[in-house]
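Please read the structure below before turning to the comments.
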Amino acid sequence: MKKLTFKINRYNPDDERRGHFMQEYEVEVPSGHTVLDCLNDIKWNQDGTLTFRRSCRSGICGSCAMTVNGVNMLACETQALALGTDTITVEPLRGCEVLKDLVVSLEPLVNGLYAVKPYLIADAPPPTDQERFQSVEERDKLDGLYECILCGACTSSCPSFWADKEYIGPHGLLKAYRFIADSRDTGEQEHMEALDDKHGLWRCHSIFNCVEACPKDLNPTRAIVELKKKLVKGKVG
Amino acid sequence: MRVIKHYRVHLGTFAWILHRLSGLGLIFYLLLHIWVIGHLAGGKESFNSIMEAFNNPLFKFLEIGLIGVIFYHLFNGIRLTIMDMGWLVEKQKPLFVIFVIVWLISWFAVSGVMYMRFFGSAAG
(Lines give C-alpha, C1' and ligand atoms only; values in the text may rest on other atoms or scores of the structure.)
Protein backbone atom coordinates (compact mmCIF):
# COMPACT_ATOMS: atom_id res chain seq x y z
CA MET A 1 0.00 0.00 0.00
CA LYS A 2 1.37 3.37 -1.00
CA LYS A 3 -0.23 6.78 -1.27
CA LEU A 4 0.14 8.25 -4.76
CA THR A 5 -0.99 11.59 -6.15
CA PHE A 6 -2.80 11.50 -9.48
CA LYS A 7 -2.70 14.72 -11.52
CA ILE A 8 -5.45 14.32 -14.06
CA ASN A 9 -6.40 16.54 -16.98
CA ARG A 10 -9.97 17.81 -16.53
CA TYR A 11 -12.07 19.43 -19.21
CA ASN A 12 -15.81 19.85 -19.41
CA PRO A 13 -17.18 21.04 -22.78
CA ASP A 14 -20.19 22.51 -20.94
CA ASP A 15 -17.85 24.71 -18.90
CA GLU A 16 -15.70 26.31 -21.61
CA ARG A 17 -14.89 29.25 -19.34
CA ARG A 18 -12.89 27.01 -17.03
CA GLY A 19 -11.14 25.23 -19.90
CA HIS A 20 -8.48 22.61 -19.23
CA PHE A 21 -6.98 22.26 -15.78
CA MET A 22 -5.11 19.62 -13.80
CA GLN A 23 -6.89 18.20 -10.77
CA GLU A 24 -5.11 16.24 -8.04
CA TYR A 25 -6.42 13.12 -6.29
CA GLU A 26 -4.77 11.08 -3.54
CA VAL A 27 -5.14 7.34 -3.90
CA GLU A 28 -4.04 4.47 -1.65
CA VAL A 29 -2.54 2.06 -4.18
CA PRO A 30 -2.14 -1.61 -3.26
CA SER A 31 0.64 -3.53 -4.98
CA GLY A 32 -0.50 -4.82 -8.38
CA HIS A 33 -3.08 -2.12 -9.05
CA THR A 34 -2.99 -0.71 -12.57
CA VAL A 35 -3.44 2.93 -13.50
CA LEU A 36 -6.94 1.96 -14.66
CA ASP A 37 -7.73 0.46 -11.23
CA CYS A 38 -6.68 3.77 -9.67
CA LEU A 39 -8.82 5.80 -12.11
CA ASN A 40 -11.77 3.55 -11.28
CA ASP A 41 -11.05 4.05 -7.58
CA ILE A 42 -11.18 7.83 -8.09
CA LYS A 43 -14.35 7.67 -10.17
CA TRP A 44 -16.19 5.30 -7.81
CA ASN A 45 -15.07 6.69 -4.45
CA GLN A 46 -13.95 10.30 -4.89
CA ASP A 47 -15.27 12.05 -7.99
CA GLY A 48 -17.97 10.52 -10.16
CA THR A 49 -17.58 13.21 -12.82
CA LEU A 50 -14.13 11.96 -13.93
CA THR A 51 -14.56 10.67 -17.50
CA PHE A 52 -12.38 8.16 -19.33
CA ARG A 53 -12.81 5.32 -21.81
CA ARG A 54 -12.33 1.75 -20.69
CA SER A 55 -13.84 -1.58 -21.50
CA CYS A 56 -11.99 -4.88 -21.28
CA ARG A 57 -9.39 -3.99 -18.59
CA SER A 58 -7.09 -6.69 -20.05
CA GLY A 59 -5.21 -5.02 -22.92
CA ILE A 60 -7.39 -6.29 -25.76
CA CYS A 61 -9.91 -3.55 -26.58
CA GLY A 62 -7.52 -0.58 -26.76
CA SER A 63 -10.02 1.85 -25.20
CA CYS A 64 -7.89 3.08 -22.31
CA ALA A 65 -4.85 4.36 -24.23
CA MET A 66 -3.77 7.62 -22.54
CA THR A 67 -0.68 9.64 -21.81
CA VAL A 68 0.72 8.72 -18.40
CA ASN A 69 3.77 10.66 -17.18
CA GLY A 70 4.23 11.98 -20.72
CA VAL A 71 4.25 8.58 -22.42
CA ASN A 72 1.42 6.81 -24.23
CA MET A 73 0.32 3.53 -22.68
CA LEU A 74 -2.69 1.40 -21.89
CA ALA A 75 -3.94 2.32 -18.41
CA CYS A 76 -5.04 -1.28 -17.86
CA GLU A 77 -1.62 -2.76 -18.62
CA THR A 78 0.44 -0.35 -16.54
CA GLN A 79 0.97 -1.00 -12.84
CA ALA A 80 0.83 2.29 -10.96
CA LEU A 81 3.64 1.46 -8.51
CA ALA A 82 5.93 0.22 -11.32
CA LEU A 83 6.01 3.75 -12.77
CA GLY A 84 8.22 4.66 -9.82
CA THR A 85 6.92 8.20 -9.28
CA ASP A 86 4.91 9.55 -6.34
CA THR A 87 2.91 11.79 -8.65
CA ILE A 88 1.36 10.27 -11.73
CA THR A 89 0.26 12.67 -14.45
CA VAL A 90 -2.58 11.40 -16.62
CA GLU A 91 -3.47 13.27 -19.80
CA PRO A 92 -5.58 12.49 -22.88
CA LEU A 93 -3.86 11.22 -26.04
CA ARG A 94 -1.68 13.77 -27.87
CA GLY A 95 -2.66 15.40 -31.12
CA CYS A 96 -6.36 14.60 -30.75
CA GLU A 97 -9.25 16.89 -29.94
CA VAL A 98 -10.26 16.43 -26.30
CA LEU A 99 -13.98 15.81 -25.87
CA LYS A 100 -14.04 15.51 -22.08
CA ASP A 101 -11.40 14.89 -19.38
CA LEU A 102 -9.43 11.94 -20.81
CA VAL A 103 -11.71 11.18 -23.75
CA VAL A 104 -10.47 12.26 -27.19
CA SER A 105 -12.06 12.23 -30.62
CA LEU A 106 -10.63 9.29 -32.57
CA GLU A 107 -12.26 10.34 -35.83
CA PRO A 108 -9.02 11.19 -37.72
CA LEU A 109 -7.62 7.80 -36.70
CA VAL A 110 -10.70 5.94 -37.88
CA ASN A 111 -10.64 7.83 -41.20
CA GLY A 112 -6.97 6.91 -41.64
CA LEU A 113 -7.77 3.27 -40.97
CA TYR A 114 -10.68 3.12 -43.43
CA ALA A 115 -8.50 4.66 -46.15
CA VAL A 116 -6.40 1.46 -46.38
CA LYS A 117 -9.43 -0.90 -46.51
CA PRO A 118 -8.44 -2.84 -43.39
CA TYR A 119 -10.11 -6.14 -44.23
CA LEU A 120 -9.33 -9.27 -46.23
CA ILE A 121 -9.83 -8.75 -49.96
CA ALA A 122 -9.92 -12.02 -51.89
CA ASP A 123 -10.99 -12.50 -55.51
CA ALA A 124 -11.96 -16.15 -55.09
CA PRO A 125 -14.27 -17.86 -52.58
CA PRO A 126 -12.64 -20.11 -49.96
CA PRO A 127 -11.53 -23.47 -51.41
CA THR A 128 -13.68 -25.34 -48.90
CA ASP A 129 -16.73 -24.05 -47.11
CA GLN A 130 -14.67 -23.76 -43.94
CA GLU A 131 -11.46 -21.77 -44.27
CA ARG A 132 -8.69 -20.40 -46.47
CA PHE A 133 -5.57 -22.45 -45.83
CA GLN A 134 -2.25 -20.92 -44.88
CA SER A 135 1.08 -22.63 -44.27
CA VAL A 136 2.93 -22.19 -40.97
CA GLU A 137 5.58 -20.12 -42.76
CA GLU A 138 2.98 -17.85 -44.33
CA ARG A 139 1.31 -17.40 -40.96
CA ASP A 140 4.66 -16.51 -39.36
CA LYS A 141 4.91 -13.46 -41.63
CA LEU A 142 1.97 -11.90 -39.76
CA ASP A 143 3.75 -11.93 -36.39
CA GLY A 144 4.32 -8.39 -35.19
CA LEU A 145 1.47 -7.17 -37.42
CA TYR A 146 -1.74 -8.89 -36.37
CA GLU A 147 -1.36 -8.05 -32.66
CA CYS A 148 -2.36 -4.40 -33.16
CA ILE A 149 -5.45 -3.54 -31.10
CA LEU A 150 -5.94 -0.09 -32.67
CA CYS A 151 -5.60 1.81 -29.40
CA GLY A 152 -4.17 4.86 -31.18
CA ALA A 153 -1.10 5.24 -28.92
CA CYS A 154 1.26 5.26 -31.94
CA THR A 155 -0.54 7.75 -34.17
CA SER A 156 -1.27 10.19 -31.36
CA SER A 157 2.46 10.29 -30.52
CA CYS A 158 3.44 11.00 -34.14
CA PRO A 159 4.57 14.58 -34.98
CA SER A 160 3.62 14.01 -38.63
CA PHE A 161 0.06 13.31 -37.46
CA TRP A 162 0.03 16.45 -35.30
CA ALA A 163 0.87 18.44 -38.43
CA ASP A 164 -1.55 16.63 -40.76
CA LYS A 165 -4.83 15.30 -39.41
CA GLU A 166 -5.46 13.48 -42.70
CA TYR A 167 -2.26 11.44 -42.38
CA ILE A 168 -3.19 7.75 -42.41
CA GLY A 169 -0.95 7.26 -39.39
CA PRO A 170 1.26 4.39 -38.21
CA HIS A 171 -1.77 2.39 -37.04
CA GLY A 172 -3.37 2.50 -40.50
CA LEU A 173 -0.12 1.75 -42.31
CA LEU A 174 0.64 -1.18 -40.00
CA LYS A 175 -2.86 -2.54 -40.63
CA ALA A 176 -2.43 -2.07 -44.40
CA TYR A 177 0.79 -4.10 -44.31
CA ARG A 178 -0.87 -6.73 -42.14
CA PHE A 179 -3.26 -7.52 -45.04
CA ILE A 180 -0.71 -7.01 -47.83
CA ALA A 181 1.63 -9.51 -46.12
CA ASP A 182 -1.22 -12.00 -45.72
CA SER A 183 -0.96 -14.88 -48.24
CA ARG A 184 -4.76 -15.14 -48.42
CA ASP A 185 -5.22 -11.52 -49.47
CA THR A 186 -5.23 -10.65 -53.18
CA GLY A 187 -6.22 -6.99 -52.94
CA GLU A 188 -2.75 -5.45 -52.65
CA GLN A 189 -3.58 -2.69 -55.14
CA GLU A 190 -6.72 -1.76 -53.25
CA HIS A 191 -4.89 -1.54 -49.91
CA MET A 192 -2.08 0.48 -51.52
CA GLU A 193 -4.34 2.96 -53.32
CA ALA A 194 -4.38 5.56 -50.53
CA LEU A 195 -0.71 5.11 -49.60
CA ASP A 196 1.05 6.87 -52.49
CA ASP A 197 -0.22 10.26 -51.40
CA LYS A 198 0.92 13.29 -49.43
CA HIS A 199 -1.30 12.08 -46.58
CA GLY A 200 0.00 8.53 -47.00
CA LEU A 201 3.35 6.79 -46.65
CA TRP A 202 5.52 9.77 -47.47
CA ARG A 203 4.41 11.67 -44.34
CA CYS A 204 6.53 9.29 -42.26
CA HIS A 205 9.86 10.92 -41.37
CA SER A 206 11.24 7.95 -39.40
CA ILE A 207 10.93 9.71 -36.04
CA PHE A 208 10.16 6.40 -34.28
CA ASN A 209 7.75 7.89 -31.71
CA CYS A 210 5.26 5.19 -32.73
CA VAL A 211 7.70 2.43 -31.82
CA GLU A 212 8.32 4.09 -28.44
CA ALA A 213 4.59 4.47 -27.82
CA CYS A 214 3.22 1.06 -28.84
CA PRO A 215 1.99 -0.78 -25.73
CA LYS A 216 2.18 -4.08 -27.65
CA ASP A 217 5.85 -3.55 -28.60
CA LEU A 218 5.09 -3.58 -32.32
CA ASN A 219 7.17 -1.73 -34.89
CA PRO A 220 4.97 0.34 -37.25
CA THR A 221 8.07 1.96 -38.78
CA ARG A 222 9.21 -1.50 -39.98
CA ALA A 223 5.83 -1.97 -41.70
CA ILE A 224 6.05 1.53 -43.23
CA VAL A 225 9.56 0.80 -44.55
CA GLU A 226 8.37 -2.46 -46.15
CA LEU A 227 5.47 -0.59 -47.78
CA LYS A 228 7.83 2.14 -49.05
CA LYS A 229 10.04 -0.55 -50.60
CA LYS A 230 7.03 -2.21 -52.22
CA LEU A 231 5.77 1.08 -53.66
CA VAL A 232 9.17 2.13 -55.01
CA LYS A 233 9.83 -1.31 -56.53
CA GLY A 234 6.41 -1.24 -58.19
CA LYS A 235 7.25 2.12 -59.77
CA VAL A 236 10.81 1.42 -60.81
CA GLY A 237 9.84 -2.00 -62.12
CA MET B 1 -10.59 22.93 -27.48
CA ARG B 2 -6.97 22.02 -26.86
CA VAL B 3 -4.69 19.62 -28.64
CA ILE B 4 -1.46 18.62 -26.91
CA LYS B 5 1.51 18.44 -29.27
CA HIS B 6 4.59 17.24 -27.47
CA TYR B 7 5.94 13.87 -26.47
CA ARG B 8 8.83 12.49 -24.45
CA VAL B 9 11.97 13.10 -26.48
CA HIS B 10 14.07 10.03 -27.30
CA LEU B 11 17.05 9.55 -29.65
CA GLY B 12 14.83 9.19 -32.73
CA THR B 13 13.01 12.48 -32.09
CA PHE B 14 16.31 14.16 -31.33
CA ALA B 15 17.81 12.95 -34.62
CA TRP B 16 14.74 14.19 -36.50
CA ILE B 17 14.68 17.65 -34.90
CA LEU B 18 18.41 18.13 -35.57
CA HIS B 19 17.91 16.92 -39.14
CA ARG B 20 15.18 19.50 -39.71
CA LEU B 21 17.19 22.33 -38.12
CA SER B 22 20.34 21.46 -40.08
CA GLY B 23 18.23 21.33 -43.27
CA LEU B 24 16.87 24.81 -42.59
CA GLY B 25 20.41 26.02 -41.86
CA LEU B 26 21.60 24.64 -45.18
CA ILE B 27 18.78 26.37 -47.07
CA PHE B 28 19.79 29.64 -45.40
CA TYR B 29 23.43 29.07 -46.35
CA LEU B 30 22.50 28.22 -49.94
CA LEU B 31 20.54 31.48 -50.32
CA LEU B 32 23.44 33.44 -48.83
CA HIS B 33 25.83 31.63 -51.15
CA ILE B 34 23.75 32.45 -54.24
CA TRP B 35 23.52 36.08 -53.15
CA VAL B 36 27.31 36.29 -52.76
CA ILE B 37 28.02 34.53 -56.05
CA GLY B 38 25.46 36.85 -57.67
CA HIS B 39 27.96 39.68 -57.13
CA LEU B 40 30.04 38.17 -59.93
CA ALA B 41 27.53 39.72 -62.31
CA GLY B 42 28.60 43.14 -61.01
CA GLY B 43 32.19 42.57 -62.12
CA LYS B 44 35.51 42.04 -60.39
CA GLU B 45 35.25 45.06 -58.08
CA SER B 46 31.87 44.13 -56.68
CA PHE B 47 32.86 40.47 -56.08
CA ASN B 48 36.13 41.37 -54.41
CA SER B 49 34.45 43.83 -52.08
CA ILE B 50 31.85 41.28 -50.91
CA MET B 51 34.54 38.61 -50.42
CA GLU B 52 36.51 41.14 -48.39
CA ALA B 53 33.49 41.64 -46.11
CA PHE B 54 33.48 37.90 -45.28
CA ASN B 55 37.20 37.79 -44.70
CA ASN B 56 37.17 37.98 -40.90
CA PRO B 57 37.50 35.42 -38.06
CA LEU B 58 33.76 35.37 -37.29
CA PHE B 59 32.92 34.04 -40.76
CA LYS B 60 35.86 31.62 -40.65
CA PHE B 61 34.40 30.08 -37.49
CA LEU B 62 30.94 30.07 -39.03
CA GLU B 63 32.38 28.14 -41.96
CA ILE B 64 33.75 25.53 -39.57
CA GLY B 65 30.26 25.34 -38.04
CA LEU B 66 28.77 25.02 -41.52
CA ILE B 67 30.88 21.91 -42.13
CA GLY B 68 29.42 20.43 -38.92
CA VAL B 69 25.88 21.14 -40.09
CA ILE B 70 26.55 19.67 -43.54
CA PHE B 71 28.15 16.56 -42.04
CA TYR B 72 25.23 16.04 -39.63
CA HIS B 73 22.69 16.31 -42.42
CA LEU B 74 24.81 14.05 -44.60
CA PHE B 75 25.38 11.29 -42.04
CA ASN B 76 21.84 11.29 -40.64
CA GLY B 77 20.62 11.25 -44.24
CA ILE B 78 22.69 8.11 -44.81
CA ARG B 79 21.19 6.64 -41.63
CA LEU B 80 17.66 7.35 -42.88
CA THR B 81 18.48 5.91 -46.30
CA ILE B 82 19.85 2.73 -44.74
CA MET B 83 16.63 2.33 -42.77
CA ASP B 84 14.45 3.14 -45.79
CA MET B 85 16.22 0.31 -47.58
CA GLY B 86 14.82 -1.91 -44.85
CA TRP B 87 18.04 -2.48 -42.93
CA LEU B 88 18.53 -2.00 -39.17
CA VAL B 89 15.11 -0.42 -38.55
CA GLU B 90 15.01 -2.14 -35.16
CA LYS B 91 18.50 -0.79 -34.37
CA GLN B 92 17.79 2.90 -35.05
CA LYS B 93 19.20 4.07 -31.71
CA PRO B 94 22.61 2.31 -31.86
CA LEU B 95 22.77 3.34 -35.51
CA PHE B 96 22.25 6.97 -34.50
CA VAL B 97 24.96 6.75 -31.83
CA ILE B 98 27.42 5.28 -34.36
CA PHE B 99 26.62 8.00 -36.88
CA VAL B 100 26.98 10.72 -34.25
CA ILE B 101 30.47 9.38 -33.44
CA VAL B 102 31.38 9.28 -37.15
CA TRP B 103 29.95 12.80 -37.53
CA LEU B 104 31.95 14.25 -34.66
CA ILE B 105 35.21 12.56 -35.70
CA SER B 106 34.95 13.78 -39.31
CA TRP B 107 33.89 17.24 -38.22
CA PHE B 108 36.82 17.61 -35.85
CA ALA B 109 39.26 16.26 -38.43
CA VAL B 110 38.08 18.63 -41.16
CA SER B 111 37.74 21.62 -38.84
CA GLY B 112 41.36 21.02 -37.71
CA VAL B 113 42.54 21.23 -41.31
CA MET B 114 40.38 24.34 -41.91
CA TYR B 115 41.66 26.02 -38.76
CA MET B 116 45.25 25.50 -39.88
CA ARG B 117 44.42 26.90 -43.32
CA PHE B 118 42.65 29.95 -41.91
CA PHE B 119 44.83 30.87 -39.01
CA GLY B 120 48.00 28.77 -39.34
CA SER B 121 49.77 31.02 -41.86
CA ALA B 122 48.73 34.18 -40.02
CA ALA B 123 50.34 32.90 -36.82
CA GLY B 124 53.49 31.82 -38.62
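The values are calculated or read from the model by the stated rules, or taken from the named source; none is laboratory data. Fair warning: this is a prediction, and the values are worked out from it, not measured in the lab. Reconstructed Cβ throughout: ideal geometry from the backbone, glycine too, with neighbour counts over all protein chains shown.
Tell me, please, whether a residue that is crowded, with 21+ Cβ neighbours inside 10 Å, assigned to a helix (DSSP H, G or I), facing chain B (nearest Cβ under 10 Å) and in contact (Cβ under 8 Å) with a residue 40 or more places away in the chain can be found in region A:161-180.
The answer is yes, given that some residue of region A:161-180 is crowded, with 21+ Cβ neighbours inside 10 Å, assigned to a helix (DSSP H, G or I), facing chain B (nearest Cβ under 10 Å) and in contact (Cβ under 8 Å) with a residue 40 or more places away in the chain.
Tell me yes or no: at least one residue of region B:100-117 is closer than 30 Å to residue A:223 by Cβ, among the hydrophobic types (A, V, I, L, M, F, W, C) and surrounded by fewer than 12 Cβ atoms within 10 Å (Cβ to Cβ). Outline the logic, then answer.
At the first step, the residues of region B:100-117 found to be closer than 30 Å to residue A:223 by Cβ are B:100-103.
Filter once more, so that each one left must be among the hydrophobic types (A, V, I, L, M, F, W, C): B:100-103.
Within this subset, residues satisfying the condition of being surrounded by fewer than 12 Cβ atoms within 10 Å (Cβ to Cβ) are B:101.
Looking through region B:100-117, at least one residue is closer than 30 Å to residue A:223 by Cβ, among the hydrophobic types (A, V, I, L, M, F, W, C) and surrounded by fewer than 12 Cβ atoms within 10 Å (Cβ to Cβ).
Give the residue, chosen from B:7, B:72, that is among the hydroxyl-bearing types (Ser, Thr, Tyr), surrounded by 12 or more Cβ atoms within 10 Å (Cβ to Cβ) and assigned to a loop (DSSP other than H, G, I, E, B). Walk me through how you get there before you give the answer.
Numbers: B:72 fails: assigned to a loop (DSSP other than H, G, I, E, B).
Residue meeting the stated conditions: B:7.
Go through (1) within 30 Å of residue A:73 (Cβ to Cβ); (2) within 13 Å of chain B (Cβ to nearest Cβ) for residue A:232 and report which single condition fails.
Among (1) within 30 Å of residue A:73 (Cβ to Cβ); (2) within 13 Å of chain B (Cβ to nearest Cβ), the lone unmet condition for residue A:232 is (1).
So residue A:44 fits all but one of (1) hydrophobic (A, V, I, L, M, F, W, C); (2) free of Cβ contacts under 8 Å to residues at least 60 places away in the same chain; (3) in a loop (DSSP other than H, G, I, E, B); what number is the exception?
Of the numbered conditions (1) hydrophobic (A, V, I, L, M, F, W, C); (2) free of Cβ contacts under 8 Å to residues at least 60 places away in the same chain; (3) in a loop (DSSP other than H, G, I, E, B), the odd one out for residue A:44 is (3).
Report the residue count in region A:55-78 for those that are under 17 Å from residue A:8 (Cα atoms), surrounded by fewer than 20 Cβ atoms within 10 Å (Cβ to Cβ) and at pLDDT 95 or above.
Looking only at that region, the number is 0.
Would you check if residue A:136 is of a type in the set (A, V, I, L, M, F, W, C), modelled with pLDDT of 95 or more and more than 21 Å from the chain's Cα centre (by Cα)? Walk me through how you get there before you give the answer.
Values: of a type in the set (A, V, I, L, M, F, W, C): yes; modelled with pLDDT of 95 or more: yes; more than 21 Å from the chain's Cα centre (by Cα): yes.
It is true that residue A:136 is of a type in the set (A, V, I, L, M, F, W, C), modelled with pLDDT of 95 or more and more than 21 Å from the chain's Cα centre (by Cα).
Report yes if some residue within region A:50-57 is part of a loop (DSSP other than H, G, I, E, B), more than 14 Å from chain B (Cβ to nearest Cβ), touching a Pro at 6+ places or on another chain (Cβ under 9 Å) and not hydroxyl-bearing (Ser, Thr, Tyr); otherwise report no. I'd like the intermediate steps shown before the answer.
Restricting attention to region A:50-57, the residues satisfying the condition of being part of a loop (DSSP other than H, G, I, E, B) are A:50-57.
Subsequent filtering for residues that are more than 14 Å from chain B (Cβ to nearest Cβ) retains A:50-57.
Subsequent filtering for residues that are touching a Pro at 6+ places or on another chain (Cβ under 9 Å) retains A:52.
Next cut, not hydroxyl-bearing (Ser, Thr, Tyr) only: A:52.
Yes, some residue in region A:50-57 is part of a loop (DSSP other than H, G, I, E, B), more than 14 Å from chain B (Cβ to nearest Cβ), touching a Pro at 6+ places or on another chain (Cβ under 9 Å) and not hydroxyl-bearing (Ser, Thr, Tyr).
Could you check how many residues of region A:194-229 are among the charged types (D, E, K, R), without any contact (Cβ under 8 Å) to a residue 60 or more places away in the chain, on the phi < 0 side of the Ramachandran plot and more than 10 Å from chain B (Cβ to nearest Cβ)? Write out each step before concluding.
Taking region A:194-229 as the starting set, the residues that turn out to be among the charged types (D, E, K, R) are A:196-198, A:203, A:212, A:216-217, A:222, A:226, A:228-229.
After this cut, where a residue has to be without any contact (Cβ under 8 Å) to a residue 60 or more places away in the chain as well, the list is A:196-198, A:203, A:217, A:226, A:228-229.
When the remaining residues are screened for being on the phi < 0 side of the Ramachandran plot, the result is A:196-198, A:203, A:226, A:228-229.
Retained after the next criterion (residues that are more than 10 Å from chain B (Cβ to nearest Cβ)): A:196-198, A:203.
So the count comes out to 4.
Kindly check whether there is at least one residue in region A:18-40 that is among the small types (Gly, Ala, Ser), away from chain B (no Cβ under 14 Å), in a loop (DSSP other than H, G, I, E, B) and surrounded by fewer than 19 Cβ atoms within 10 Å (Cβ to Cβ).
Checking region A:18-40: at least one residue is among the small types (Gly, Ala, Ser), away from chain B (no Cβ under 14 Å), in a loop (DSSP other than H, G, I, E, B) and surrounded by fewer than 19 Cβ atoms within 10 Å (Cβ to Cβ).
Report, ordered by the first and then the second residue, all pairs with beta carbons closer than 6 Å, sequence separation of six or more or different chains, a first member in region B:1-27 that is at the interface with another protein chain (Cβ under 7 Å from one of its Cβ atoms), and a second member that is part of a helix (DSSP H, G or I) and modelled with pLDDT of 90 or more.
Taking only residues 6 or more apart or on different chains, the pairs are B:5/A:162; B:7/A:209; B:10/A:212; B:12/B:92.
Filtering region A:68-82 down to residues that are within 13 Å of chain B (Cβ to nearest Cβ) and over 12 Å from the mean Cα position of the chain (by Cα), which residue is nearest to residue A:34 (Cα to Cα)?
A:68
Within region A:105-113, identify whether any single residue is at pLDDT 95 or above and exposed (fewer than 13 other Cβ atoms within 10 Å of the Cβ), and answer yes or no.
The answer is yes; a qualifying residue exists.
Please verify whether residue A:197 is surrounded by fewer than 20 Cβ atoms within 10 Å (Cβ to Cβ), out of contact with any strand residue (DSSP E or B) (no Cβ under 7 Å at 6 or more places or on another chain) and not in a helix (DSSP H, G or I), treating the condition exactly as stated.
yes
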